[in-house]
Structures are given as C-alpha cells and as structure tokens.
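Report on the structure given below.
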Amino acid sequence: MAASIIDVARRAEVSTATVSRALRGLPNVSEATRERVLRAAEELSYAVSPHASSLASGRTGTVGVILPFVNRWFYSQVVAGIDSVLRANDLDILLYNLGDERVHERFFARMPLRRRVDAVIVLNLPLSAAECESLVSMEVPIAVLGTRIPGCWHVSIDNAEGASTAVRHLINLGHRRIGMISGALGDSRGFTTPIVRQHAYRTVLAQAGIPYDPELEAPGNLTIDEGASAMAQLLSLPDPPTAVFAESDQMAFGALRTLGRMGLRTPEDVSVVGFDDHETAELLNLTTIAQPVAHQGELLAQQILDALSGESEEPTQVVVPTRLVVRGTTGAARVARPRNPLSPRPGPEPDQHSRTTAR
C-alpha cells in the first residue's frame with residue numbers, strides 16, 4: 001500500500017498541514033522541519049498528489065462545511081459566522097448536510113469533497129477513525145468544531161463547565177429536586193455534547209450530596225416541541241422538580257410553554273435555565289448559559305484562512321468561554337412544594353349549610 005501524508009507526518013513527527021507546506025515549498029516552515037519532512041517522504045517513497053497540489057494553491061475558491069443538521073438554529077448561526085468571514089475573503093461555502101445516518105455513510109464512501117474544495121470545516125459531527133483519516137488524506141486544511149481530529153484546527157466551548165455552572169446556579173438558589181431536559185438524539189453515531197452536559201449535571205448533583213434520580217431526566221431532542229413534552233413528563237412525576245436545566249434554549253422554550261399551559265409560573269413554581277443564549281432568550285426572560293455561537297464560526301473560518309495563507313504553521317486549538325446570564329426564570333426554591341399540576345384539584349370547602357345537610 002502506498003504511503004499517505006499521514007504516514008509522512010507520523011515519521012517526521014509533525015502535522016499533516018506542515019507536511020503539505022514543506023513539500024510544496026510554502027513559507028512558515030523551518031529549514032530543519034522541511035528537511036525532516038523531505039527525508040521522511042523519501043524514505044516512504046511518498047509522492048504529492050497532483051489534485052492535492054492544485055487544491056493547496058487555492059484554485060477552487062471553495063471551503064466545504066460538513067454538518068449534521070442544516071435546519072437547526074445552532075448550526076445556522078455557526079454557518080452564518082463562517083460565511084461572513086469567508087465571503088469577505090472571496091471564498092465560497094459548499095454545504096454537506098449529513099443528518100441522516102445513511103447519507104453520512106454514503107458521503108464517506110464517495111467522498112464528494114475531493115477535488116472540489118480548498119479546505120474543510122466539520123461541525124460537531126461524530127466521526128470514526130477511518131472517517132477522520134479519509135478527511136485528512138485529502139491533504140487540505142481541516143478545522144473542527146466540538147469533536148477533535150488529530151492534527152487539525154479546532155474550536156470548542158467547555159460544555160462540562162457550562163452545564164456545571166447552570167446546575168450549580170440552581171443548587172445555590174436552594175433547589176434540591178432538579179430535573180434535566182437532555183439533548184439525547186437517539187442517534188447511534190454518538191453525538192458527544194449532550195452526553196458531556198448530562199455527565200456534568202450528574203457530577204454536580206453528586207458533589208452537592210443530592211441523590212441522583214433517573215426519573216428527573218427527560219429527552220428533549222434539542223427541539224421546542226420535544227422540550228415541551230419532556231417538561232410535561234417531569235411534571236407528571238409524583239414528586240416533580242422545583243427546577244429544570246435544559247441542555248439548549250430551544251428545549252427550555254418548550255419547557256416554558258408547557259409550564260404556562262399548566263398554569264405554573266417561573267420562577268415561583270419551577271425555575272428553568274437553558275443553554276446557548278438564543279436571541280429569543282432575552283425576550284422570554286430566560287436564564288441561560290451564553291455561548292458566542294456565530295463567533296465560533298468566525299474563528300473556524302479564520303483558522304482556515306490562516307492555514308491557506310501559511311500564516312498558521314501548526315493547527316491551533318481555541319476554547320471559547322461561556323458565561324451564566326441570570327434573568328427572570330430562576331429564583332430561590334420555595335419551602336412549600338408546588339402541587340403536581342396533573343393531580344386532581346381538591347374540591348371547594350363545603351359551606352355551613354352543606355355540612356349540616358351532610359350530617
């Protein structure tokens with residue numbers, strides 16, 4: 001089997017991006033590194049792909065963006081951030097929506113990106129080792145949001161810290177019966193963000209000495225409607241939560257809708273905290289964990305520009321901070337527990353006449 005750029009990078013102990021620049025005589029590679037790469041390539045009888053060479057020169061003027069959901073708010077905001085930076089630098093976007101598992105498999109079997117893009121951006125998409133290698137073998141710069149690919153540029157937030165902050169906020173308000181609406185997708189590919197936030201929720205509860213109750217977790221699938229259903233499920237418990245952490249603002253919006261329809265108030269009856277700081281969060285007075293979504297797309301695009309221009313010799317890793325934004329949907333826990341809204345309401349107290357008649 002012919003050697004790949006990955007083999008050369010491992011032999012020379014550098015990134016694949018450095019191998020690509022060294023073999024093409026691009027700047028920002030030290031002479032010692034260039035000689036080490038050339039020696040490794042010669043030892044492995046590695047020949048530069050003519051297609052990869054043409055891509056490295058920027059002739060396509062296009063960056064491929066691979067994402068799992070093209071129609072969800074988070075991804076549309078990230079793509080908007082990417083597009084604003086790339087278009088300002090005369091580069092176009094080619095979107096690949098891999099939401100369906102069969103489409104995902106077919107994409108990596110065919111690799112339609114090859115010879116069509118100068119670089120690739122991957123948004124929160126779980127990839128196998130073989131799929132990562134398929135992308136890296138294209139020998140173009142790759143920037144990844146969330147999940148990591150060795151040797152590639154990377155932007156992320158600290159999901160564990162953000163979720164922990166949300167749950168600690170509720171605990172500090174005196175809540176002990178804290179539910180969670182999870183972003184579990186029911187997808188065998190293993191999206192990691194919902195799992196990381198779920199683990200943080202359980203960890204913080206344990207640190208506070210609060211027993212874990214699996215009934216207090218309900219799946220919301222990152223949508224408003226399913227967030228509403230999850231809130232109804234939590235409220236149907238014999239001992240419903242006094243506070244709820246939703247792994248996304250859109251699920252929190254659904255939770256607020258259910259609470260309103262059941263005649264419950266926030267935060268007097270149930271506190272709710274979300275995650276994202278969606279533009280509607282302020283309108284609904286939602287307490288949330290803010291993350292700069294579009295800015296993450298801008299950072300990914302800038303990493304690609306730096307890689308294409310040779311300004312970034314080695315892939316950079318950027319962790320963007322989150323912050324708690326306290327608004328009106330969270331408040332101190334009440335001493336008296338709210339009535340289960342799904343339980344029958346007690347009848348009116350009988351007046352004196354009815355008591356006499358009853359006797």
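The values are calculated or read from the model by the stated rules, or taken from the named source; none is laboratory data. Predicted, not measured: the structure shown is a model, and the values here were computed from it. In this analysis, Cβ positions are derived from the backbone assuming ideal geometry, glycine residues included, and neighbour counts consider all displayed protein chains. The protein model used for the area step is the full one, side chains on, heavy atoms only, and it has no ligands, DNA or RNA in it. Shrake-Rupley method; radii C 1.70, N 1.55, O 1.52, S 1.80 Å.
Would you mind getting the accessible area per residue of region 90-130, heavy atoms of the protein chains only, 1.4 Å probe, in Å²?
On the way: 2070 Å² over 41 residues.
Roughly 51 Å² per residue, with all protein chains present.
Looking only at Cα atoms, what is the convex hull volume of region 105-211 per residue, in Å³?
118 Å³
Round to a whole angstrom and tell me the spacing of the C-alpha centers of region 229-269 and region 79-154.
37 Å
If I build a Gaussian network model for the chain, linking alpha-carbon pairs within less than 10 angstrom, which residue out of Leu205, Leu283, Leu44 has the largest mean-square fluctuation?
Of the options given, Leu283 has the highest mean-square fluctuation.
Quick one: with all protein chains in place, what share of the accessible area of the chain is carbon or sulfur, to the nearest percent (1.4 Å probe)?
On the way: 8570 of 16670 Å².
About 51 percent, which is the carbon plus sulfur part of the accessible surface.
What helices does the chain hold that run 15 Å or longer along their axis, going by alpha-carbon atoms, with a Kyte-Doolittle average of 0.5 or more, using DSSP H for the helix calls? All intermediate terms of the calculation are to be shown ahead of the outcome.
Details: long enough: 31-43 (18 Å, -1.14); 73-88 (23 Å, 0.72); 159-172 (20 Å, -0.16); 192-207 (22 Å, -0.24); 224-235 (16 Å, 0.64); 249-261 (18 Å, -0.12); 293-309 (25 Å, 0.44).
Within the chain the helices that satisfy the rule are 73-88, 224-235.
Considering only the chain, what is the antiparallel percent among its DSSP beta bridges, to the nearest 5?
On the way: 3 of 38 bridges.
DSSP beta bridges in the chain are roughly 10 percent antiparallel.
List the residues whose amide H sits under 5 Å from the amide H of Thr147, counting only those 5 or more places along or on another chain, with H placed 1.01 Å from N in the peptide plane.
Asn124, Leu125
About its Cα centre, how strong a charge dipole does the chain have in debye, to the nearest 20, once Lys and Arg get +1 and Asp and Glu get -1 at the Cβ? Write out the running numbers ahead of the final one.
Numbers: 34 positive and 40 negative charges, 181 e Å.
It works out to roughly 880 debye.
Over the chain, how many percent of alpha carbon pairs lie in each 10 Å bin up to the one with the longest distance?
Calculated over all Cα pairs of the chain, the distribution is 5, 22, 25, 18, 14, 9, 4, 1, 1, 1, 0 percent.
Give, rounded to the nearest 20 debye, the magnitude of the charge dipole that region 53-201 has about its Cα centre when Lys and Arg contribute +1 at Cβ and Asp and Glu contribute -1 at Cβ. Walk me through the intermediate numbers first.
Values: 15 positive and 13 negative charges, 68 e Å.
Computed charge dipole of region 53-201: roughly 320 debye.
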